[in-house]
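Everything below concerns the one structure shown next.
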Amino acid sequence: MTKPQVVHENMDQFATQNGQLLIGGKNLDSIAAMTGKDVFYAYDAAIVQQQVDLFRQHIPSAIQLHYAVKANPYVPLVHRMVDWVDGFDVASQKEMLVALQSGMHAKDISFAGPSKQLAEIRAAITAGVTLHIESELELSRAIEQGVQLGIKPIVAFRVNPAFELKASGMKMGGGPKQFGIDEERLFEILPDLDYGQFHFRGFHIFWGSQNLKQDAIIEAHANTFELAQKLINVTPVPTLTVNLGGGFGIPYFPGERRLDISPIGQHLSELLGQYPALAEIELVIELGRFLVGEAGIYASKITDIKQSRGHTYLMTNGGLHHHLSNSGNFGQVIRKNYPVAIANKMDHEPSEHKVTAVGPLCTPLDTLADKMGLPEAEIGDWLVVFQSGAYGPTASPQDFLGHPHVSEILL
Ligand SMILES: *Cc1c(COP(=O)(O)O)cnc(C)c1O
């Protein structure tokens, strides 16, 4: 009897059958037969739905769930999510068009992003999506374009909060930032704006991303409610919505654990009691990777196995041109291994002998897994990288070195 390979303490979201990893009930040979491709991303819709359900189960129903499309803009996935979430947040004109064509109502789409160009501002105003204003000049441009188009822009202010996240993860607020308008500046300008020139929706307070510490998120929420209330107090017109940010992370590296969102939800209930004016308006949490990251795998074929001075290299047909974040070159400081497995040997024991999996690019950066304990691999085996449902193909330099682009499938 062989013990199953330990891929990662948390990687239990997919079923297996006869040692084969299943994505949406299909093993990788079947997916390859369906798509005609032997290197691909596969996303399991049921797992995305489970993550949405988890949010609904623990987060008070007064808080809406938006999907941050940039995490995974694969069109079939975005289309499926229309029925599962309350709105989409987009960060470019292209994402805006994907969101609109999915059937999501314009009123439930918001457009954030620093350095918006006039064409993007005009597109958003014309479509009727909410512009998350990131600078004072951007506000005057939106007003001006609105006058030209004969349509009042729908506006929310993205706030760069003074508070900073007290934990690891990606900080996107506090201190000097290219995102949003500093809260102290907003306190100065909010009382005197000409609110007749635009439809004022509210505020977008975004403080960070990829956080796995419940306590840090709880503290950020307390700060966010306090700040939102203060902003509302100095705004002479009604605030209709506050986007509370997102930040829920997923485990990527050894030792990381899944976020427990139940205490986060309990705390949000308390905050709703503490801030009745906020409880009356539309509140939104926007999530990307938490919804889609765990649902995706990146699969490539082992096409050669070679030894170099005692170390084994698994050579694959996939690499960093398809999956930059797994290579450690997308915001990480030091490279750590994403969880990986041999998808057709899920019931095999890992070998004592650590191996390195690499791709076809002529750069040592093209490492898929470094010194990992995997089962004894053979040519033709499937190497899979888990936690690959977010920031995959569209966050990767697919044309670097001119190898074929990767395909995607939603199952
Ligand atoms: C990138 C981004 C998100 C999504 O971040 P995740 O870590 O994928 O959840 C949400 N909101 C804004 C404003 C963003 O820029």
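The values are calculated or read from the model by the stated rules, or taken from the named source; none is laboratory data. This structure is a prediction, so every number in the text was calculated from the model and none was measured. We place every Cβ from the backbone using ideal geometry, glycine too, and count neighbours over all the protein chains shown.
Before moving on, here are some points about what is shown:
- Checking each residue of segment 144-151 against the condition of being surrounded by fewer than 22 Cβ atoms within 10 Å (Cβ to Cβ), within 16 Å of the ligand (Cβ to nearest atom) and modelled with pLDDT of 95 or more gives no match.
- Any hit, segment 46-63, residues being within 30 Å of P153 (Cα to Cα), more than 14 Å from the ligand (Cβ to nearest atom) and either under 21 Å from the mean Cα position of the chain (by Cα) or free of Cβ contacts under 8 Å to residues at least 12 places away in the same chain (or both): yes
- Unique match (being surrounded by fewer than 23 Cβ atoms within 10 Å (Cβ to Cβ), of a type in the set (K, R) and in contact with a Leu (Cβ under 9 Å, 6 or more places away or on another chain)) among K371, K345: K345
- Where Y195 falls short, out of the listed (1) away from the ligand (no atom under 16 Å from the Cβ); (2) surrounded by 17 or more Cβ atoms within 10 Å (Cβ to Cβ); (3) closer than 18 Å to I143 by Cα: (2)
- Residue within segment 174-182 that is away from the ligand (no atom under 15 Å from the Cβ) and within 22 Å of L65 (Cβ to Cβ) present: no
- Subset of segment 70-96 that is part of a helix (DSSP H, G or I) and in contact (Cβ under 8 Å) with a residue 40 or more places away in the chain - its residue that is nearest to S110 (Cα to Cα): K70
- Hey, V340 modelled with pLDDT of 95 or more and farther than 30 Å from M81 by Cβ or not: no
- Of all residues making up segment 228-255, the number that are farther than 28 Å from V333 by Cα, within 16 Å of the ligand (Cβ to nearest atom) and either touching a residue at least 60 places away in the same chain (Cβ under 8 Å) or among the polar types (S, T, N, Q) (or both): 2
- Residues of segment 105-143 satisfying the condition of being under 21 Å from I285 (Cβ atoms), more than 16 Å from the ligand (Cβ to nearest atom) and part of a loop (DSSP other than H, G, I, E, B): H105
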